[in-house]
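The values are calculated or read from the model by the stated rules, or taken from the named source; none is laboratory data. Only a predicted model underlies this, so the values are computations on that prediction, with no experimental measurement involved. Note that we place each Cβ from the backbone using ideal geometry, even for glycine, and neighbour counts take in every protein chain shown. The area values use the complete protein model at the heavy-atom level, side chains included, leaving out ligands, DNA and RNA. Shrake-Rupley method; radii C 1.70, N 1.55, O 1.52, S 1.80 Å.
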Amino acid sequence: MFAQSIPKLEVSPGETYMVAADNILQVDTLIMHDKATIRFSSTRQGVLNAKTAYIGKKCIISARGLDGANGSTNVAGQNGEVGGNLSLQLHFEQLGSLTIDVRGGKGGKGANGKHGRPGIPDRHETKIKRDANGKVTRFEEFVPGILGTNGTDATMGGNGGDGGNTMLMYSTNGFIANFNRDIHSNNINILYNAGESGWPGTPGKGGFMSVDGILIPSEYRSGRDGNVQLINLNEPQL
């Protein structure tokens, strides 16, 4: 069931507006000033309907998944969250530049192992011996080393979250909207990639006569990019 429509929503420059828990935003007039952000939860379907939208420069509508936490001792980095799905219907009265971001979150980094104590390798030391007549004799004496300790294990990074899906139904007041172009007006960038996997940690080195740590294996899954559906309501629909 749709939320009640708001007559007017104005997001100030640089401000972030958090959508309510139902993840639905219906507005008669939407004004986003430069660098304004509207943030949806990535955990459920997001809906934005605006009968009239005035969009400034470098604005963002986001349902991006959160990045996974970094790993710790014997614990792998957490997986990034899946990007949220957005259904948007907007009539652009004015459009500067808008980014719609439904990327998956990055996987957390794996934890590094710790190096063991180095210990002391075996060695030979030069010794001096004097006889009864005071004659000096030099000789080599073997000195056993002191064992170091083992290096500890490292953990894998987390998997990147899948990218979310975007359906954008749009119309404009007499201008052509551009998509994913490096221009500063009438432009919409849609980001829907899967998040990057977190880097694995580095095992610790063992000391003298001790063993190095290992990289503890964990399940790896390549994230999937999302899908984008664009519907230009200015054009006749078949």
field: Calculated SAXS-style log₁₀ I(q)/I(0) at q = 0.10, 0.13, 0.14, 0.19 Å⁻¹ - the range 87-195, Debye, Cα scatterers
entry: -0.61, -0.75, -0.80, -1.02
- request: Using only Cα atoms, figure out Rg for the range 16-98 and give it as a multiple of 2.2 N^0.38 Å.
  value: 1.32
task: Could you order Glu235, Glu15 so the one with the most accessible surface comes first? Probe is 1.4 Å.
output: Glu235, Glu15
statement: Under the 7 Å Cα-to-Cβ spin-label approximation, Ser171 and Thr73 lie apart by a distance in nanometres of 6.3
message: Rounded to the nearest 10 Å², what accessible area does Phe208 have for a 1.4 Å probe in the complete protein model?
response: 50
task: Rank these by accessible area, largest first, 1.4 Å probe: Tyr192, Tyr220.
output: Tyr220, Tyr192
query: For volume of the Cα convex hull per residue in Å³, which listed value, (1) 188; (2) 141; (3) 128, comes from the coordinates shown?
result: (1)
- prompt: Which sequence of Met32, Met209, Met169, Met18 reflects their accessible areas, 1.4 Å probe, from the largest down?
  reply: Met209, Met18, Met169, Met32
- prompt: What whole-number value in cubic angstrom gives the convex hull volume per residue for the C-alpha atoms of the range 134-238?
  reply: 181
Accessible area of Lys35 in the full protein assembly, 1.4 Å probe (Å², nearest 10): 120
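Can you send over the carbon and sulfur percentage of the accessible area for the chain, probe radius 1.4 Å, protein chains only? Don't skip to the end; give the middle numbers.
On the way: 7150 of 13970 Å².
Here it works out to 51 percent.
Can you tell me the accessible area per residue over the range 148-238, all protein chains present, probe 1.4 angstrom, in square angstrom? Working shown, then result.
Numbers: 5380 Å² over 91 residues.
About 59 Å² of surface per residue is accessible.
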